[in-house]
Amino acid sequence: MTKENKNIKQKTASVISLGCDKNRVDTERMMYQLKLLEYDFVENLKDANLIIVNSCAFLNSARKESIDTILSITKYKDIGVCQKIIVTGCMPQKYAETELADNLPEVDAFLGVGAYDRIHSILDRLYNGERVIDLEDTGVGSFERYITTPQHYAYLKISEGCNFNCSFCTIPSIRGKLVSREIHSLIDECHGLVDKGAKEIILVAQDLTSYGIDKGDGIKLKELIDKLSDIDGIEWIRLMYCYPDLVTDKIIDTIAHNPKVAKYIDMPLQHVNDRVLKLMGRHMTHDKLVPLLDKIREAIPEIAIRSTFITGFPSETEQEHQELVQFLQVQKLDNVGFFAYSREQDTPSYFIKGQHTRATKMKRLNELGQTQLSVATQKNELKIGKILNVLYEGMDFDRNALYGRTQYNAPEIDSLVYFDGTDAKIGEFCSVQIVGVDGYDLLGKKVD
């Protein structure tokens, strides 16, 4: 480090990670590099010499959150010990050279999605008085990470970028085309995660089901899962972000018969009406989707299916919206997220006629949410009296109850099991008998 940086009595950093769990993995890679530089991480921003915001730019709301966060921390150069502010991730990658650098003079560096591993040299440049904009992608770097999730689970990002071109999505323009990591690299990283206490490995990517196809030898997701499941210490392997068109019989069979793979799949469907799906640039149709769900459930009767849907897409009619409502009522998916369409520049859907008002989108969003809440409550009531294997994760003092998850729920985005009991240790499994329902969540008691 430079002489000036060496003279800092105590190197302290606060790192704020916004957006998805894939972004979190990038944040953890950067934090590992900071630990090598002997930085201590502090929660109070007043105590941080260095503040980093790893931003998200997927939607207007995400960009607003990123900007608001950046503006809120600039004051710590005056009221704290902060010397340098760095903004990383998707937002600088897309906007640093056109908007951010001029409008945020308090920020000392803007780093794109390929710069996380260069934090050492970038800090040298900053402490030599340079303002840095580094958007270069130099390929895959180190995947050593400073884990920020609870000890018992961790995310494993298996690829970067995406080859699909959904008309509403900005990711390909930010993250580029699909680049899959080598299997041996992922195996090595997973061994390290297990050594640190991880029992649940959550596979993430922009599109999990395309893993390996860019190498020219076909999709390799099943091969990767098989090798990961050989690692001692892994209890659950969870599949997130599976593009429905590529959920093959091999993947279904793997979920069904590999005892370490959670009986869970996340397939972002986005809509169910054929006309809207075509406008979205999606290849799925209603007539292909329903048989796919039937096939999955026939092979894995107990599976939990998660999905996400966009409402208020340009020109979506009320009848097409109701088609989605009825789909939810009939198919009874287990975990669902809903998003109001966000009109993003540089995407094809920006130019589609029939853009809806915010009021219309919010009305439809609320109806979908209420529909799914009713479905989830009904499905949960069928679980009363059953004994479930629950991964204990903590104590909710407001409820005066322990809480955890089953294999049918992903962390942070799905529902929980709240239960009474003692002698539980975080990261260990408990047998919990379900005695009640609280909307999306289950209520239970610990049993021997």
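Annotations
- Across segment 1-55, the qualifying residues are those that are hydrophobic (A, V, I, L, M, F, W, C) and at pLDDT below 90, and the one among them that is surrounded by the fewest Cβ atoms within 10 Å (Cβ to Cβ) is Met1.
- Within segment 352-372, residues that are of a type in the set (Ser, Thr, Tyr) reach partners that are in a helix (DSSP H, G or I) with beta carbons closer than 8 Å, at six or more positions or on different chains, in the pairs Thr371/Val325; Thr371/Leu328; Thr371/Gln329.
- Residue list for segment 107-127, filter: under 29 Å from the mean Cα position of the chain (by Cα) and open to solvent by 40 Å² or more (accessible area, probe 1.4 Å): Asp117, Arg118, His120, Ser121
- Condition check for Phe58: touching a residue at least 12 places away in the same chain (Cβ under 8 Å), more than 30 Å from Gln345 (Cα to Cα) and either of a type outside the set (A, V, I, L, M, F, W, C) or in a loop (DSSP other than H, G, I, E, B) (or both): no
- Residue match in segment 22-45 (condition: free of Cβ contacts under 8 Å to residues at least 60 places away in the same chain and assigned to a helix (DSSP H, G or I)): yes
- Contact annotation: residue pairs with Cβ atoms under 8 Å, 6 or more positions apart or on different chains, pairing a residue in segment 72-85 that is among the hydroxyl-bearing types (Ser, Thr, Tyr) and part of a loop (DSSP other than H, G, I, E, B) with a partner that is at pLDDT 90 or above and open to solvent by 70 Å² or more (accessible area, probe 1.4 Å), are Thr74/Glu106.
- Checking each residue in segment 86-106 for being surrounded by 17 or more Cβ atoms within 10 Å (Cβ to Cβ), in a helix (DSSP H, G or I) and either in contact with a His (Cβ under 8 Å, 6 or more places away or on another chain) or polar (S, T, N, Q) (or both) picks out only Gln93.
The values are calculated or read from the model by the stated rules, or taken from the named source; none is laboratory data. Just so you know, these numbers come straight off a predicted model, no measurement behind them. Cβ atoms come from the backbone with ideal geometry, glycine included; neighbour counts cover every protein chain shown. Just so you know, the surface numbers come from the protein's heavy atoms only, side chains and all, with ligands and any DNA or RNA stripped out. Shrake-Rupley method; radii C 1.70, N 1.55, O 1.52, S 1.80 Å.
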